[in-house]
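The values are calculated or read from the model by the stated rules, or taken from the named source; none is laboratory data. Quantities reported herein were computed from a predicted structural model and do not represent experimental measurements. Positions of Cβ are generated from backbone atoms using ideal geometry, with glycine treated the same way; all protein chains shown enter the neighbour counts. Just the protein is used for accessible areas: all its heavy atoms, side chains included, with ligands, DNA and RNA removed. Shrake-Rupley method; radii C 1.70, N 1.55, O 1.52, S 1.80 Å.
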Amino acid sequence: SAGVEPLASGTQEADALRRNADAVLHADGTVTEAVPGAHGAGILDLAVPAGASAPEAARCLYEGGVRRLLLHGGQRLADAFIAAGILDRVLAYAPEGDASSRPGNLLPWPELPPGFAITGAARTGGLVRIEARPDESGGSL
């Protein structure tokens, strides 16, 4: 299917991402601790007002102690944070293929959101993980 889909929960890659985050923002607006119970009672305040914009949600969570937020909700959720300019890293996953084959258009962006540059790539669990960060050089590849 076309578009950005969340990485399946329960995979080694998803578990590793959660271990390195404080909280997870889901497509429905709910926020959960990335690793339940990892911070201890009262350490994080994960309250976000219903219908909050991406910047409002980020501000509320930062004030509540969250320093690393994982977005788990696909294109619609990611687009709001990209448009607000508050995303510092993108991990895109594509199915592994032959070196000479070319995957179909899997993402709404050509490969990465506008303004991001590839900083790494690796094979993991039958997928190719592409890491990107905002392109501060002002140029394009």
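Can you pull out the residues in the range 65-84 that are in contact with a strand residue (DSSP E or B) (Cβ under 7 Å, 6 or more places away or on another chain) and assigned to a helix (DSSP H, G or I)? Spell out the reasoning first.
Step one: of the range 65-84, the residues in contact with a strand residue (DSSP E or B) (Cβ under 7 Å, 6 or more places away or on another chain) are 66, 69-73, 77-78, 81.
If the condition is that a residue be in contact with a strand residue (DSSP E or B) (Cβ under 7 Å, 6 or more places away or on another chain) and assigned to a helix (DSSP H, G or I), then L77, A78, F81 are the ones that fit.
Let me spell it out: the conditions are (1) open to solvent by 80 Å² or more (accessible area, probe 1.4 Å); (2) touching a residue at least 60 places away in the same chain (Cβ under 8 Å), and G74 meets all of them except one. Which number is the exception?
(1)
What are the residues in the range 13-27 that are free of Cβ contacts under 8 Å to residues at least 24 places away in the same chain and touching a Ser or Thr at 6+ places or on another chain (Cβ under 6 Å), if any?
Let us first name the residues in the range 13-27 that are free of Cβ contacts under 8 Å to residues at least 24 places away in the same chain, namely 14-16, 19.
Selection gives nothing.
Taking the residues in the range 48-57 that are open to solvent by 60 Å² or more (accessible area, probe 1.4 Å) and assigned to a loop (DSSP other than H, G, I, E, B) as candidates, determine which candidate is modelled with the highest pLDDT. Walk me through how you get there before you give the answer.
Filtering the range 48-57 for residues open to solvent by 60 Å² or more (accessible area, probe 1.4 Å) gives 49-51, 55-56.
Cutting the leftovers down to assigned to a loop (DSSP other than H, G, I, E, B) gives us 49-51.
Working: P49: 94, A50: 91, G51: 90.
Within the range 48-57, the match that is modelled with the highest pLDDT is P49.
Assuming A78 fulfils every condition listed in (1) within 15 Å of the chain's Cα centre (by Cα); (2) at pLDDT 90 or above apart from one, which condition is it?
(2)
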